[in-house]
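**Q** Sharing a structure with you now.
The values are calculated or read from the model by the stated rules, or taken from the named source; none is laboratory data. Because the structure is a prediction, the values reported are computed rather than measured. Virtual Cβ from ideal backbone geometry, glycine too; neighbours counted across all protein chains shown. Just the protein is used for accessible areas: all its heavy atoms, side chains included, with ligands, DNA and RNA removed. Shrake-Rupley method; radii C 1.70, N 1.55, O 1.52, S 1.80 Å.
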Amino acid sequence: MVGTWGVLFPRMVPVVTLDRGIFVSVAERLLAGDVLYRDVWDNKDPLFYYTIALGRAVSPLMDIVLEMAWVALTGVGVALIARFLGARLRMCVVAGFVMTPLVLTGPLYFPGNSHLPAVAVATLSVALALQERYLPAGVLVAVTFFLKLVVTPALILPLVVIVAVRRQWRGLAWGALGALLGGGVMVAVLVVRQELVPYLGMLSANVGYSSSVLLNSSLPAPLAHFARLRTPAYGILAAALILTVVLGAVRWRRARAGVTGVFSLVTLSVIAAVVAATAVLAVTGLWVQHLLIYGFAAALAAALLAALVDERLGSRPLASLAVLVVAAVLLAGGPLAAIYPTLPPDKAIRMLTSTPREAQVILQTGEPASYARLGSNDDRGHAVGLGAWHLACPRFHQYRFDSQSSLDTVTRCLPKADVVYVSTSFAPKTSSLGGSSVWNPWVARTEQVLRADFTCAALDDGARICVRKERS
């Protein structure tokens, strides 16, 4: 177990770049007192940002602790499910803390991404439901919803299956009550923080976002979504899940005549999680990391396989371990070759604990004032160290698939900024990339504002720092 975590540690250190840089910047703006979705904008769910912000209030290194904690929490859920299936304690530990880290950190894994926290909470929710603790399981449904909304259907369907197979309709009521209680607390938090209405606006914007990226596709929407998710890892994971379901069904059929056995519950839960995740991806899937929604089904499958192997090979621990490690790699989608390359841990940790170049450049312009950022997801956590500054434009990252109205809000708010950091990604796009019909004219209009109101200087990396003419 220690060896597994030691080998995987470099994979679990979030690198402050790409989307993770944006997540860090949003969390830093929350710590600066900004209102989420109103003063600083991104399209992820509130609990995800709250947890990052709370961790970073202690130390940037809490990013690593949190990431490992989410993996460990998933492992606790897997171990509990394996125990429910009758696996011995030793095998439960292997399932939870050897298999689970391998399952979650495969080629579909992007350290610091927004799916993992919800996968962890969802796995624990199923573990509680299997033990007939429906009220806390329902509370965790609400937590999942506000951590990563799209994972919620993949959780609700297995919970409904568990209740329906057992015919414990009172359990459904208790679960619904727990979800209402948890959801009510979160809604109250959003209201107090003045984030509820902006949050609903973000959800509405996400509906358009899921389809806007596919405007140039000639395929029907579901096929277009899956066409963007093509990767060999997808096929390996699908085959592993199918094999797990077959093995679980064989064990269930041989052991019991009815459908009330423990193996039937978990096998059906895996099927339900796969079906729901597939339906979600058919309407929202855009990027390869979205496939980590299957990590929830894979975690349930890991618990099922651990119990099956314990039955067959329990007296041969080394053989059991070897089989489960191979199974975990397959459930991960293949070996640890990362789609998003991770830095060596020492460099990644230095990035976590240092002031990003973007922030340094902004700080060098003078006393704290208001600032804006033009660029996409090449953010390296620019807001770190800018707590005394005011973010003039909430949308500090822009994309070619954004609507014209959302891009124009950035142009209109630029005159409110005293300093503008202009990333190299703020540039015209070729037509082959799509979205250039909106993006390129917007870039041209925004450049006119920069020339009229700001004095810009080029940086050695190709970016620019622009200072309001009255300030310079």
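**Q** Considering only protein heavy atoms and a probe of 1.4 Å, how much of the accessible area of region 49-91 is carbon and sulfur, as a whole percent?
**A** Details: 1330 of 1750 Å².
Roughly 76 percent of what the probe reaches on region 49-91 is carbon or sulfur.
**Q** Taking all pairs of different Cα atoms in region 274-410, averaging 1/r and flipping that mean, what Kirkwood radius in angstroms comes out?
**A** Numbers: mean 1/r = 0.0507 Å⁻¹.
Averaging 1/r across every pair of different Cα atoms and inverting gives 19.7 Å.
**Q** Starting from the 7 Å offset along Cα-to-Cβ, what nm value, one decimal, do you get for the label separation of residue 413 and residue 166?
**A** 4.7
**Q** Give the whole-number value, in cubic angstrom per residue, of the convex hull volume spanned by the C-alpha atoms of the chain. Show your work: numbers first, answer last.
**A** Values: hull volume 65.4 nm³, N = 472.
Per residue, the Cα convex hull of the chain comes to 139 Å³.
**Q** Still on this structure, please answer the following. Measure out, as a whole number of angstrom, how far apart the alpha-carbon centroids of region 11-58 and region 260-274 sit.
**A** Measuring centre to centre over Cα atoms gives 35 Å.
**Q** While we're looking at this one, here's another question. On a straight-distance basis, which lysines could pair with residue 148 in a cross-link, Cα separation under 25 angstrom, same-chain partners fewer than 8 positions away excluded?
**A** Candidates past the 8-residue exclusion: 44.
**Q** A follow-up question, please. Amide H of residue 374 versus every other amide H placed in the peptide plane: which residues, excluding those fewer than 5 positions away on the same chain, fall under 5 Å?
**A** 421, 422, 423
**Q** Right, something else. What is the pair-distance distribution P(r) of region 271-355, computed from all Cα-Cα distances in 5 Å bins starting at 0, with each bin given as a whole percent?
**A** The calculated distribution, bin by bin, is 3, 12, 16, 15, 15, 14, 12, 9, 4, 1, 0.
**Q** Only Lys, Arg, Asp and Glu count, each charged at its Cβ (+1, +1, -1, -1), so figure out the dipole size of the chain about its Cα centre, rounded to 20 debye.
**A** Working: 39 positive and 25 negative charges, 261 e Å.
For the chain, the charge dipole is close to 1260 debye.
**Q** A follow-up question, please. So, in nm, how far is label residue 43 from label residue 357 when the simple model puts each one 7 Å beyond its Cα toward the Cβ?
**A** Spacing of the two 7 Å Cα→Cβ label points: 2.8 nm.
**Q** For region 50-154, state what percent of all Cα-Cα pairs lands in each successive 10 Å bin, counting from 0 Å until the bin that includes the largest distance.
**A** Cα pair-distance distribution for region 50-154, in percent: 16, 42, 34, 7, 0.
**Q** Work out, step by step, the length gained on full extension between residue 429 and residue 318: first 0.36 nm times the residue separation, then minus their alpha carbon distance; give nm to one decimal. Intermediate results must be reported in sequence, preceding the final value.
**A** Working: separation 111, 0.36 × 111 = 39.96 nm, distance 5.47 nm.
Here the segment from residue 429 to residue 318 would lengthen by 34.5 nm.
**Q** Sorted by packing (mean other beta-carbon atoms within 10 Å per residue), highest first, where do 185-191, 299-305, 173-179, 69-75 land?
**A** Top to bottom by mean Cβ count within 10 Å: 299-305, 69-75, 173-179, 185-191.
**Q** Between 101, 113, 171, whose Cα lies farthest towards the positive end of the dipole of the chain when Lys and Arg beta carbons carry +1 and Asp and Glu beta carbons carry -1, centred on the Cα centre?
**A** The Cα lying farthest towards the positive end belongs to 171.
**Q** In addition: So, for region 19-111, what is the accessible surface per residue at a probe of 1.4 Å, expressed in square angstrom? Can you show the working numbers first?
**A** Values: 2620 Å² over 93 residues.
In whole numbers, region 19-111 has 28 Å² accessible per residue.
**Q** I'd like the carbon and sulfur percentage of the solvent accessible area for region 265-304, probe radius 1.4 Å, heavy atoms only, ligands and nucleic acids excluded. Walk me through the intermediate numbers first.
**A** Working: 630 of 720 Å².
Its accessible area is 88 percent carbon and sulfur atoms.
**Q** When ranked by the protection proxy of mean other Cβ atoms within 10 Å per residue, highest first, what sequence do the peptides 271-280, 442-451, 353-362 form?
**A** By packing density, highest mean first, the sequence is 271-280, 353-362, 442-451.
**Q** Say each of residue 283 and residue 445 gets a label point 7 Å from the Cα, pointing the same way as Cα to Cβ; how far apart are those two points in nm?
**A** Modelled inter-label distance: 3.1 nm.
**Q** Then there is this: Note the full-extension length gain between residue 326 and residue 177 as 0.36 nm times their separation in residues minus their Cα-Cα distance, in nm to one decimal. The partial results should precede the final answer.
**A** On the way: separation 149, 0.36 × 149 = 53.64 nm, distance 4.02 nm.
Contour length minus Cα-Cα distance gives 49.6 nm.
**Q** Go ahead and estimate [θ] at 222 nm for the chain from helices alone: -39,500 (n - 2.57) per DSSP H run with n ≥ 4, summed, over the residue count, rounded to 500. Write out the running numbers ahead of the final one.
**A** Details: 20 runs with 288 residues, N = 472.
Calculated mean residue ellipticity at 222 nm is -20000 deg cm²/dmol.
**Q** What aspartates and glutamates could a cross-link reach from residue 416, if we take a straight Cα to Cα line under 17 Å and drop same-chain neighbours fewer than 8 places away?
**A** Answer for residue 416, where 17 Å is the Cα cut-off: 34, 39, 367, 408, 447, 453, 470, listed by chain and number.
**Q** Assuming R0 = 45 Å, what is the FRET efficiency of residue 455 and residue 189, from their Cβ-Cβ distance, to the nearest 0.05?
**A** Values: r = 42 Å, r/R0 = 0.94.
That gives a FRET efficiency of 0.60.
**Q** Taking θ as phi - 60°, what are the ³J(HN,Hα) couplings along region 102-114 by the Karplus curve (6.51, -1.76, 1.60), each to the nearest whole Hz, with x for Gly and Pro?
**A** Values, residue by residue: 5, 4, 7, 10, x, x, 8, 8, 10, x, x, 6, 8 Hz.
**Q** Identify unpaired cysteines across the chain, taking unpaired to mean no other cysteine Cβ lies under 4.7 Å from the residue's Cβ.
**A** Cysteines of the chain left without a disulfide-compatible partner: 92.
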